[in-house]
Structures are given as C-alpha cells and as structure tokens.
Amino acid sequence: MNDFDLVAGISRREPEAFHEVMERYAGPVVNLAYRFLGNRADAEEISQETFLRLYQTPPRLDPSSKLFTWLYRVAVNLCMDRLRKQSRTPPMDSLEDLPVASPSSRSPRETAAGTETAAAVRRAVASLPDDLRAPLVLSALEDLPHAEIANILEISPKAVERRLSRARALLKTRLQPYL
Amino acid sequence: MANSPQDSLDKLLKGAYPAVEVSQDFKLRLWRKLMDQPVEALWKVPAPAVAAALLLGIVGGIWTWQGDAKNPALVQVARAERLDLFGNAPHDSLTGAVLRRMEGENA
C-alpha cells in the first residue's frame, strides 16, 4: 500500500493500515527523535505521541505526498517543544549502554575514546539553537535533501541552506580538536 | 581524495548517533494508548445529516399542523401517534383504530 492508501485506511480505523505504518516508520521516527533528544526513552515517548496524533487526526495527503514528511514534521515539532521545556542539556543516554542496531567490534580503548568524542559531539549539537539544530540533524544525520528538509520544517530551501551553513560553522569551531 | 571539512564533520556527527533499536514493547505500549482513546462521541454524526433531519422534522411538523385543514388524509399517518392528555388517540387516527380493535370496540 502506498502512503495515500495507508492514511485512508487509518481514517477508516483499519488496524492493518496503522500496523503497516508502524512497521515502516517506527524505527525512523524513533531514531529521528533520538537524534534530537539524546535518550531513547524520551525518543520513544515522542514517537508514540507522533503516531497517536496520526491516529487521532490523519493528515490529508494527496497521492504524491509522503507520509514520512508529515511524521517527521510532527516529531521534530514535538522534540523542539520538549527541549524548550527541559533544560538546554537534556539527560543523554550513555553510548555504552545504548542498544545499537549495529554494534561495532572496536577494542575497549577505541570504544572509550570514541565514546568521549561522541559525547562531546552530542553536547555540541545539543548546544545549537533550535532553528539550526533541526536542519543539521535532518541533513547530516538523516541525509535528507534540502527540499525535503524545507517541506518538513516549513521554511524555504534557501533558509535551510543558510541555517545549515551557520550550524556547521558553529560545530566546526566547537569540535575543532576532534576534526 | 582528501576528505573535505564537511565530510569530516558529517562523519563525526554520524559516529555520535548510532542507529538505535526500537524497544520490543514499543508497539504494545502504543496500542494500549490507542485503546485508551475516548470513543467517538455520538455528536460527531455528520452535521449535514443532523441538519437534514432537523429540517425534515420542522417542515413535517409545520406541514402536518397546517395540513389538517387542507387535506386530512395526507396527514393521517403523521397524526396517528398524536395522543391527547389522557393518552387517548383521536377517534379517527390510526392508533385510535388499533386501540378500538384491540379493545373490541366497534369503529
């Protein structure tokens, strides 16, 4: 089923349609939220809220629209709201304890160094202003094209480019020792 | 080809955010939240249907009220259930006829 048919199915309260949406998008939405919030528990909570909103108020998609654009938009907005309510540095999962999808086979020393670097990177990203962090996460971590990011954030592609440029410049300054 | 600064930064960023597994009970917890959603209220019946029913009721009521003097036969069915204060149906109504039959009265 394409996204249009899936949303139509959800509007008709068909469990199979909702199940299919969760199968396809639960992982990507949880990972997107995790990249904003830094801890899996919050990421899953935000993701569940996103899917609940899909169930409560299914969007009106035209046949060429992608459901993930809508899901990502809702998830990003929920993450931004959560971050505004929390302190600027939300509790982050320790990378050592996180169940990763593809664990590496590095030595303990390499793992420790990598963990320290990763923690520094995540702190630097968390310190970015919200309007810079969102396009950076969607571009650098989700590998989305600028046009898609513009759709998700409801800004122009030019604005996406400007914000990405500023975000990268800030990160390069803060992460210089690690580059 | 040497990595550009942007490539190095992107590599650093990706390394800091490995893909995470979704909890095994994620879907179960979500289904439970869905089950807790309030049942759709009856007032959510489509507004046009409600408006049409109201209009029909109003027009029908006016028509039967006014139609009595013009054509009693047309409004006979509408009048069938109109009872007086004591619960008696009008003598010439459908309900009245049924009651008389049940009670064995002559029409």
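The values are calculated or read from the model by the stated rules, or taken from the named source; none is laboratory data. These figures come from a predicted structure and were not determined experimentally. Cβ coordinates were reconstructed from backbone atoms using ideal geometry, including for glycine residues, and neighbour counts include every protein chain displayed.
Numbers for the structure displayed
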| quantity | calculated |
| --- | --- |
| Any helices (runs of 4 or more DSSP H) falling wholly within segment B:1-91 and containing at least 3 residues that are modelled with pLDDT under 80 and surrounded by 14 or more Cβ atoms within 10 Å (Cβ to Cβ) | B:47-70, B:76-79 |
| Members of segment A:48-83 found to be of a type in the set (S, T, N, Q) and over 17 Å from the mean Cα position of the chain (by Cα), listed by number | A:GLN56, A:THR57, A:SER64, A:SER65 |
| Single residue of A:ALA150, A:ALA134, A:ALA140, A:ALA124 found to be more than 8 Å from chain B (Cβ to nearest Cβ), without any contact (Cβ under 8 Å) to a residue 40 or more places away in the chain and either under 24 Å from A:GLY27 (Cβ atoms) or not basic (Lys, Arg) (or both) | A:ALA150 |
